[in-house]
1. Which members of the range A:411-424 meet the condition of being crowded, with 21+ Cβ neighbours inside 10 Å and either away from chain B (no Cβ under 14 Å) or farther than 19 Å from A:Tyr250 by Cβ (or both)?
2. Is it fair to say A:Tyr306 is within 14 Å of chain B (Cβ to nearest Cβ) and in contact (Cβ under 8 Å) with a residue 60 or more places away in the chain?
3. Those residues that are within 26 Å of A:Thr264 (Cβ to Cβ) and not in a strand (DSSP E or B), I need them from the range A:194-208; list them, please.
4. Considering only the range B:68-89, I want to know if a residue exists there that is more than 19 Å from A:Phe301 (Cβ to Cβ) and more than 19 Å from the chain's Cα centre (by Cα).
5. Please go through the range A:341-375 and give me each residue that is closer than 14 Å to A:Trp422 by Cα, more than 14 Å from chain B (Cβ to nearest Cβ) and part of a strand (DSSP E or B), ordered by number.
6. Do any strands (runs of 3 or more DSSP E) entirely within the range A:211-316 hold 2 or more residues that are among the polar types (S, T, N, Q) and under 27 Å from the mean Cα position of the chain (by Cα), and if so, which?
7. Checking B:Ala65 against (1) away from chain A (no Cβ under 14 Å); (2) surrounded by 19 or more Cβ atoms within 10 Å (Cβ to Cβ); (3) more than 16 Å from the chain's Cα centre (by Cα): exactly one of these is not met. Which one?
8. Do we find that A:Pro251 is touching a residue at least 40 places away in the same chain (Cβ under 8 Å), in contact with a Leu (Cβ under 8 Å, 6 or more places away or on another chain) and farther than 30 Å from A:Glu165 by Cβ in this structure?
Amino acid sequence: MSSQSCVHPCFGELPARPDEFARSAPAGPGFGFISSIPMDHKWGSSPRCWRGWCSAHLRRSLLLSFSVIGFDGCLGEKEGRAGTDVPNDGWCGLKLPDPSDGVQPIVGNQKNPRDFDDKLGTPPGLRTGGEMANPVPSACCVVLAAVVVVYAQRHSQQDSHIQYERVGADVTMKCGSMDWDAAVTWTANGTDIDDSHLNGSYLILKNVDLTQSGQYSCYEGSSWHLKYQTYLRVGVPPKEPVLMCRSNNYPKGFYCSWHLPSPTYIPNSFNISVIHGTREMVCEKDIFPKNRCHIRYLQLFSTVKYKVTLTVTNALGKNSTTLTFDEFAIVKPDPPESVVAKPVPNNPRRLEVSWQNPSSWPDPESFPLKFFLRYRPLILDQWQHVELSDGTSHTITDAYAGKEYIIQVAAKDNDIGTWSDWSVAVHATPWTEEPKHLTTEVQITETTSTSTSSFMPPPTTKICDKGAGVGSGAVAVCWTAGLVLAAYGVLFI
Amino acid sequence: MAAADTPSATLRHHDLCSRGIRLARKMRSDVTDLLDIYVERQGLDASISVAAVDGVPTAAVERWAEQTGTQRLLDNLAAYRAFRTLLAQMLEEQRELLGDTDAELGPALAAMLLQVSAFVYHLEELLELESRGAPAEEGSEPPAPPRLSLFEQKLRGLRVLRELAQWAVRSVRDLRQLSKHGPGSGAALGLPESQ
């Protein structure tokens with residue numbers, strides 16, 4: 001059997017491995033290869049790569065899936081997973097051919113990588129686990145994965161599908177076409193299910209809950225031939241969705257957005273219809289966020305109401321909600337932007353506030369906005385309000401001197417609709433006069449003390465003390481005495 | 001056209017537009033109150049849907065942004081002349097029905113009729129300034145409506161007031177567009193993307 005080596009950025013040169021997953025017996029103690037596919041965003045968020053001997057997993061897996069080795073260190077499934085169902089900390093391995101092709105398992109599924117490697121005799125340099133230093137995938141490993149995918153697609157013969165059940169339901173799974181009395185083994189996410197859940201070859205799950213979602217596989221007796229596999233998704237039917245429509249860009253159009261009040265735990269699809277009179281309008285889905293679409297107005301000033309119906313459907317049921325409104329009622333601009341508040345020089349009670357129209361409002365000249373300004377000092381709870389019919393600035397003239405203020409602005413179309421939310425709050429403090437510096441007395445006091453380091457004043461000399469509080473006349477006498485003493489000290493030095 | 005371009009004409013144009021906007025806003029505010037009174041006095045459900053009625057001008061318009069100034073004025077004038085006739089009919093019907101016992105609806109209708117008449121005059125002035133001249137009224141009057149049942153009269157009245165409320169908003173927008181340009185331009189006043 002030919003082999004090819006692969007230099008992997010994580011682990012360096014990998015040992016020889018078979019380059020096709022054929023129907024031949026393993027050549028050595030472990031038939032396998034290194035699964036060192038680094039995780040990328042398609043498979044999960046973690047850039048870890050894992051290695052292990054896939055010979056432990058001689059079970060046929062799903063189309064497009066990778067056989068995932070049973071590492072406890074990985075969250076998620078232990079059997080093959082497909083596409084976006086791979087959990088974020090999942091990882092992938094490489095599939096091996098079915099044992100019926102002549103390849104026998106060497107080591108059964110193990111609880112942790114260490115046992116796996118110990119039993120298998122993995123060389124030290126290739127033991128499983130580890131973080132990748134370089135997230136760049138190895139090209140040859142990726143190519144190998146592609147080969148595996150093709151192989152899996154061509155050779156998978158088993159049914160595999162997704163089964164949706166309600167929380168609390170009783171679920172019975174049949175092992176494909178196996179008779180009721182056939183000897184089978186069921187696994188859930190790679191872990192054997194004990195016989196207490198079996199009724200013959202049927203798997204019975206009573207009162208299922210969310211934790212029982214996962215991959216269920218049924219293997220025939222001792223041959224360990226995979227006979228049936230399904231992915232059970234436990235969830236609930238959708239509740240009535242919450243729908244909101246708003247025009248923040250009048251007169252261009254409006255958007256509707258929605259969400260479910262509680263999760264269903266299974267995939268949902270949403271369908272929205274917009275009717276205006278007898279006309280059905282197109283609601284173009286936004287790329288982001290996904291739960292939003294927008295409609296362009298074809299008419300303005302219409303008295304005919306818009307009727308928007310949102311239907312949410314999943315495998316367990318459907319629900320819908322309808323909104324009816326007229327053109328003017330849903331107009332609500334976005335908050336004003338770039339709010340700035342500045343003190344006014346030499347004015348201790350003024351603050352200058354300016355802002356801009358929201359950038360989403362398409363034509364403020366033709367559809368001008370009016371504004372509502374509110375402000376208060378931080379130390380008080382009561383807001384002051386000012387409504388401004390035009391302009392994007394205002395001077396507050398009754399601010400408390402020296403107090404920090406919080407200021408916000410809201411916007412509304414001059415004639416229709418409702419007020420926007422409040423803008424981001426800005427803080428400002430009115431101008432205050434700078435305190436005067438104290439200079440003369442302090443300097444002289446310091447001079448006196450430094451120049452008399454080698455001079456002891458006569459005991460009768462009065463040393464001035466500002467805290468003495470003896471009055472201005474006595475202070476003048478002290479200054480004179482101080483100067484004399486300083487001069488005396490200089491002479492002696 | 002030369003007269004429309006003089007500074008005094010521009011000032012007058014701007015003044016007429018500003019006053020027209022204030023008039024339209026007042027009309028809208030008053031017709032909103034009048035609608036509440038009307039619905040209550042006529043025993044109607046405020047949410048009732050009324051189909052378009054012949055002779056009642058519809059405010060809804062496609063491609064509003066692409067209209068020329070002159071077109072806006074002409075559309076407004078035709079609409080408010082029709083509203084003037086319709087409100088007069090409604091007032092007459094109310095008086096026939098309730099006589100002098102109606103202390104609320106009748107006076108409110110009369111006040112609204114007065115405002116609409118004033119607005120018509122205003123629009124005619126603007127058109128004169130545009131040197132277009134207002135079209136003759138005889139040609140714009142709707143034909144006499146067929147005799148309606150009492151309930152049909154009520155529904156038509158509801159439609160009239162609702163459309164008048166929409167027209168008042170539209171007129172504010174139209175006059176603002178007009179005021180952005182001087183008199184006599186008649187230019188299309190469009191938004192960056194057509195509405």
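1. A:Ala411, A:Ser420, A:Ser423, listed by residue number.
2. yes
3. Those that are within 26 Å of A:Thr264 (Cβ to Cβ) and not in a strand (DSSP E or B): A:His197, A:Lys206, A:Asn207, A:Val208.
4. No; the residues of the range B:68-89 include none that is more than 19 Å from A:Phe301 (Cβ to Cβ) and more than 19 Å from the chain's Cα centre (by Cα).
5. Matches in the range A:341-375: A:Trp355, A:Gln356, A:Phe371, A:Phe372, A:Leu373, A:Arg374, A:Tyr375.
6. A:269-276, A:306-314
7. (1)
8. yes
The values are calculated or read from the model by the stated rules, or taken from the named source; none is laboratory data. All of these numbers come straight from a predicted model, not from anything done at the bench. We place every Cβ from the backbone using ideal geometry, glycine too, and count neighbours over all the protein chains shown.
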